[in-house]
Every structure is written in structure tokens, then in C-alpha cells.
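Data block below; observations after.
Quick note: the coordinates plus some simple rules give every number you see, no bench work behind them. Owing to the predicted nature of the structure, the values given are computational and were not obtained by experimental measurement. Cβ: placed from backbone, ideal geometry, glycine included. Neighbour counts: every protein chain shown.
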Amino acid sequence: MRRLFFIILVISKILLSQKNDAIDTARDCYQKENYTGTIMTLENALPEFNETEKIEALKYLGCSYAKINDKISAKEHFKSLLKLNPKFKLNKEDADSSVIKILNDAKKEIAQESAMCSCFIPGAGQLLKGDEKKSKLIMLGASLSLVSSIYFWIETENKKNDYLKLGPDSIKYIDDYYNIYNRWFHISLLSSSVFAGFYFYSILDALHINKEVDIANEGGGSLNFIPEMHSVKIEYKIKF
């Protein structure tokens, strides 16, 4: 039994070492601008990675494909990455204009697909974007408010019919019956408004994206303080 446990432990360590070696090798290739080497190293090892390792691998794959101008593959890998980590942001060393544009396009496509899903099922778009917690909250809120609205409108219609059935002999009850109907009407309206709020929020939230900013090409000005021998020179640069 101990021997079997030892063998399993050794195999696990070997597999873990191989996965770490693959990511380290890919990172080294990427830093040396050997983008083809990065792609070959990671594509084969990708199915064996856990979620954290996949996020790292997909980042390098997306960036590498962007560097060799394979925009379709780059976008697909970035979309896979964003589904695992919707809040992913590039660090400064990866902030290249070509990479940023493709990543923003991937974010835009996922947002459009998510919004379309939310049109049919509120909260489904958030699930597609990888935000499971928010998706469950929206689905729960929308479901409860929809079921409540249906029930309230049915009751409102019943109260309306009761009010309309009143005859001349029931004239003294007309105000009471109308007030009951009016109360149910406003409750139904409020419940429907809550459902509409969940519905439209789900769509608008799905459409929202956090775009990467291309710092290198971003317009604006910068204020610099340059120390000199007995003074400080203030320099303001404006980019056009």
C-alpha cells in the first residue's frame, strides 16, 4: 500500500513538473520573441492544465497568435481566457497595440453573445461571461418577480371582473371593490417593473466591457519634474 502511494506521489510530481516546465518554457520563448515556440509548447499541454494554469497558458497563446498576425486564433484563445476569468487584464509587458485591439474585440464579441442570451433568459449572459454568482442572483430575482407578476395579474383580472359584475343593488360596495382592484393593479405593476428591471439590467450588464487601454498610443498630456543642479525643470508633454 505504501509502495502504491509512493508511486502515485512520484507520478503526480512528475506531471506537475512537466506542466510547470511547459509554462516556463513558453514564457521564455515569448520573451525571446519565439512566438511559434510558445504556441507549440502550450497547445499540446493545454488539456492537462488546471484552471489557473490554463488562464496563464491562454494569455500567452492569445498574445503569441496576435504577434504572428493570426487574429482569428488569437481572438478565440482570448475568448476562452475571458470565460475563465472575465476580469482579466493585460500587464504592462504584454500591452502591445496589436494584442490590445484583438483582446478588446474578443471582449466585445463575448459581450454581444452574452447580451443575446440575456434577451431570452435573464442572467444567462452573465453565465456565458463566467460570472456565475451574478448569473444566479439575476436568474433567481427574475424568476421570482416573473412568477409573482403572473399571479398578481391573474388576481387583478379576477378583481376587475368582480368589480364589473356589480349591479345596481350593489352600488354601495362599488368603491370598496374598485379600491381592491386598484390595489391589486398597482401591486401587479410594481412586480412587473421589478422583473423588467432584472431583464434590462441583465442585458445592459452583459453588454458592458472593460476595455484595455493602449497606454503607448493614448492621447493626452504628461507632467514631468526634471531635477537640475540648483533648480527643478517642469516639462509638460502633449500628444497629438
Worksheet, complete the sentence: Fewest to most Cβ atoms within 10 Å: Cys119, Cys29, Cys63 sort as Cys119, Cys29, Cys63
Fill in: Taking Leu81, Leu146 and counting other C-beta atoms within 10 Å, the order from fewest to most
Leu146, Leu81
Worksheet item: Of Met139, Met116, how do they rank once you tally other Cβ atoms within 10 Å and put the fewest first?
Response: Met116, Met139
Fill in: Pair Leu140, Asp162: separation of 7 Å Cα→Cβ label points (nm)
3.3
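Just add up the charged neighbours of Gln126: K/R +1, D/E -1, any other residue whose Cβ is under 9 Å from the Cβ of Gln126. Walk me through the numbers on the way to the answer.
Details: positive: Lys129, Lys133, Lys134, Lys136; negative: Asp131, Glu132, Asp205.
My count for the surroundings of Gln126 gives +1.
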Worksheet item: For region 125-207, what percent of Cα pairs sit more than 14 Å apart?
Response: 68
Response to the item:
Yeah, region 161-217 with a ≥ b ≥ c from its alpha-carbon gyration tensor (a/c under 1.5 is rounded, else prolate when a/b outruns b/c, oblate otherwise) is prolate
Worksheet entry | Whichever lysines have a C-alpha closer than 24 Å to that of Lys32, once near sequence neighbours (fewer than 8 apart) are set aside | Lys19, Lys54, Lys59, Lys67, Lys71, Lys75, Lys89, Lys92, Lys101
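Tally Lys and Arg at +1 and Asp and Glu at -1 over the other residues with C-beta under 9 Å from the C-beta of Lys211: what net charge comes out? Please list the in-between numbers first.
Details: positive: Lys107, Lys108; negative: Glu212.
Every neighbour counted, the sum reads +1.
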